[in-house]
Amino acid sequence: MPKPIAKSSKLANVCYDIRGPVLDKARAMEEEGQKIIKLNIGNLAVFGFDPPDEIVQDMIRNLSQTAGYTDSKGLFAPRKAVVHYAQEKAISGVTVDDVYLGNGASELIVMSLNALLDNGDEVLVPAPDYPLWTAAVSLSGGNPVHYLCDEASDWYPDIDDIRRKITPNTRAIVVINPNNPTGALYPESLLREIVELARQHQLIIFADEIYDKTLYDGNTHTSIASLADDVLCVTLNGLSKNYRACGYRAGWMVVSGDKRCAKDYIEGLNMLASMRLCANTPGQLAIQTALGGYQSIKDLVAPGGRLTRQRDMAYELLSQIPGVSVVKPKAALYMFPRLDPKLYPIQDDQQFAYELLAEEKVLIVQGTGFNWPQPDHFRVVFLPNSDDLSDAIGRIARFLDHYRKR
Ligand code: PLP
């Protein structure tokens, strides 16, 4: 018998349940010919939210000239477009040198943490979070320390909890705003409190702002880096959500604030950017087109726009289910409903997701997949068209009705 090949121990604490075992089960069911309604992933293009035509046409036009590698940080013109974007968001002091292009924000999230962390370094990550952050901290040898976001206060970060969890080993804080999975959008006053803590304790701020244009009800977004000239900030963004082009794998990262004390870290970032050679070149040029062009996400999130209508419908229907409560999202593509534990005494929420899939053919992601500590939440995306969305939530309601009566 040959020796079994084990995975690296570096992966011992690494978890990414959005594409975990429940999705594998859904795929197997689909292969058997069953139709699944997918409320599990923020992949806009597959739900008929096409990317702006201008981006697609430029991508096609550029394709024949984009077969080569570029500079490791990326081409000048799209990086310059990102500089202008940073200026529009009032992030000061950003030059082309401070901009890195990546194969989606995901690659840059992993890179930015790998360049920073030593074994045992702590990073404050929200709970619930977009789980790549927790996974990437662990993979980099760091310890993710979760600070709570408070459902009773519109899912805002609990500043006292953050303060309590800062130790001499804390290197950085992750702020996901607008938030996945809760749909929260943070006010400037709260961001200023986070900046103040970062300033006092010399923490780097990692700002994931990938939904910064996906805003409902006329809300506006403040980049935390615009409030923190004297704190090192790494702001991440990309085309996947606001421009509905996940598959183009186009993201960017901006380093701002006090860079004088970060020379060594920036050297590390440059090294890792060089090692992966460059981001895909067609995607880099798509960034240039997108940031210079018409932002049609505005129509989708305006009153009466498709995303707004679907958000409102999902919110109404979920709120009507006994024992389900949900904070209405101000931004992004998700809701994170709570299941009252008195009515639904769930022990294992992955099992709950399996059962919902098996019984009703609806795919959701369990709350613990977002590092939420209790098995009493789940995440839905409100991307399927209205008919599928109301069908799916109707099935969730039926499933929960059976669950209560067990
Ligand atoms: N950050 C957040 C908060 C996300 O929700 C996602 C994807 O869902 C990403 C980053 C990854 O984005 P990208 O497609 O640019 O890698």
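Can you pull out every residue in segment 251-269 that is free of Cβ contacts under 8 Å to residues at least 24 places away in the same chain and of a type in the set (D, E, K, R)? Steps first, please.
The first filter runs over segment 251-269 and keeps only residues free of Cβ contacts under 8 Å to residues at least 24 places away in the same chain, leaving 260, 263-264, 266-267.
Result: R260, K263, D264, E267.
Let me spell it out: the conditions are (1) over 15 Å from L124 (Cβ atoms); (2) touching a helix residue (DSSP H, G or I) at 6+ places or on another chain (Cβ under 7 Å); (3) not in a helix (DSSP H, G or I), and A207 meets all of them except one. Which number is the exception?
Checking A207 against (1) over 15 Å from L124 (Cβ atoms); (2) touching a helix residue (DSSP H, G or I) at 6+ places or on another chain (Cβ under 7 Å); (3) not in a helix (DSSP H, G or I), the one that fails is (1).
So which of N242, N280 ends up being without any contact (Cβ under 8 Å) to a residue 60 or more places away in the chain, within 13 Å of the ligand (Cβ to nearest atom) and under 29 Å from D50 (Cα atoms)?
N242
On the given criteria, is F378 out of contact with any Leu (no Cβ under 7 Å at 6 or more places or on another chain), assigned to a strand (DSSP E or B) and touching a residue at least 12 places away in the same chain (Cβ under 8 Å)? Quick ask: steps written out before the conclusion?
Numbers: out of contact with any Leu (no Cβ under 7 Å at 6 or more places or on another chain): yes; assigned to a strand (DSSP E or B): yes; touching a residue at least 12 places away in the same chain (Cβ under 8 Å): yes.
Considered against the rule, which asks whether it is out of contact with any Leu (no Cβ under 7 Å at 6 or more places or on another chain), assigned to a strand (DSSP E or B) and touching a residue at least 12 places away in the same chain (Cβ under 8 Å), F378 comes out as yes.
Go through segment 75-107 and count every residue that is surrounded by fewer than 22 Cβ atoms within 10 Å (Cβ to Cβ), farther than 25 Å from A136 by Cα and not hydrophobic (A, V, I, L, M, F, W, C).
8
Looking for whichever is outside the structural domain of V381 (by TED's automatic domain parsing) and buried (at least 20 other Cβ atoms within 10 Å of the Cβ) here; the options are L333, L285, L356. Which one fits? Walk me through how you get there before you give the answer.
Numbers: L333 fails: outside the structural domain of V381 (by TED's automatic domain parsing); L356 fails: outside the structural domain of V381 (by TED's automatic domain parsing).
Answer to the check: L285.
What's the number of the condition I176 fails, among (1) under 23 Å from V96 (Cα atoms); (2) near the ligand (Cβ under 10 Å from one of its atoms); (3) of a type in the set (V, I, T)?
(1)
Checking R199 against (1) in a helix (DSSP H, G or I); (2) surrounded by 22 or more Cβ atoms within 10 Å (Cβ to Cβ): exactly one of these is not met. Which one?
In the conditions (1) in a helix (DSSP H, G or I); (2) surrounded by 22 or more Cβ atoms within 10 Å (Cβ to Cβ), R199 misses (2) alone.
Tell me the residue from L63, L44 that is in contact with a Pro (Cβ under 9 Å, 6 or more places away or on another chain), surrounded by 12 or more Cβ atoms within 10 Å (Cβ to Cβ) and not assigned by TED's automatic domain parsing to the domain that holds W372, please. Full working, then the answer.
Working: L44 fails: not assigned by TED's automatic domain parsing to the domain that holds W372.
Of L63, L44, the one residue that is in contact with a Pro (Cβ under 9 Å, 6 or more places away or on another chain), surrounded by 12 or more Cβ atoms within 10 Å (Cβ to Cβ) and not assigned by TED's automatic domain parsing to the domain that holds W372 is L63.
With respect to A67, is the statement that it is within 16 Å of the ligand (Cβ to nearest atom) and touching a residue at least 40 places away in the same chain (Cβ under 8 Å) true? If you could, list the steps in order and put the result at the bottom.
On the way: within 16 Å of the ligand (Cβ to nearest atom): no; touching a residue at least 40 places away in the same chain (Cβ under 8 Å): yes.
Criteria not met by A67.
Would you check which residues across segment 247-274 are within 16 Å of the ligand (Cβ to nearest atom), out of contact with any Leu (no Cβ under 7 Å at 6 or more places or on another chain) and within 17 Å of L232 (Cα to Cα) and list them?
The answer is V254, and nothing else.
Where residues in segment 214-239 are in a loop (DSSP other than H, G, I, E, B), more than 10 Å from the ligand (Cβ to nearest atom) and under 16 Å from the mean Cα position of the chain (by Cα), which of them is surrounded by the most Cβ atoms within 10 Å (Cβ to Cβ)? Break it down into steps so the answer makes sense when it comes.
In the first step, residues of segment 214-239 are kept if they are in a loop (DSSP other than H, G, I, E, B); the result is 214, 216-223, 228-232, 239.
In the following step, the residues that additionally are more than 10 Å from the ligand (Cβ to nearest atom) were identified as 214, 216-223, 228-232.
Add one more test, that the residue is under 16 Å from the mean Cα position of the chain (by Cα), and what stays is 214, 221, 223.
Working: T214: 25, H221: 18, S223: 23.
Looking at the filtered set, the residue picked out is T214.
For segment 179-213, give me the residue count where each residue is free of Cβ contacts under 8 Å to residues at least 60 places away in the same chain, more than 12 Å from the ligand (Cβ to nearest atom) and among the hydrophobic types (A, V, I, L, M, F, W, C).
7
Answer yes or no: is there a residue in segment 115-137 that is under 20 Å from the mean Cα position of the chain (by Cα), crowded, with 21+ Cβ neighbours inside 10 Å and free of Cβ contacts under 8 Å to residues at least 40 places away in the same chain.
Checked segment 115-137: at least one residue is under 20 Å from the mean Cα position of the chain (by Cα), crowded, with 21+ Cβ neighbours inside 10 Å and free of Cβ contacts under 8 Å to residues at least 40 places away in the same chain.
Considering I36, I55, which residue is within 27 Å of T308 (Cα to Cα), away from the ligand (no atom under 16 Å from the Cβ) and of a type in the set (A, V, I, L, M, F, W, C)?
Working: I55 fails: away from the ligand (no atom under 16 Å from the Cβ).
Every option except I36 fails the conditions.
The values are calculated or read from the model by the stated rules, or taken from the named source; none is laboratory data. Quantities reported herein were computed from a predicted structural model and do not represent experimental measurements. Positions of Cβ are backbone-derived with ideal geometry, glycine not excepted, and every protein chain shown enters the neighbour counts.
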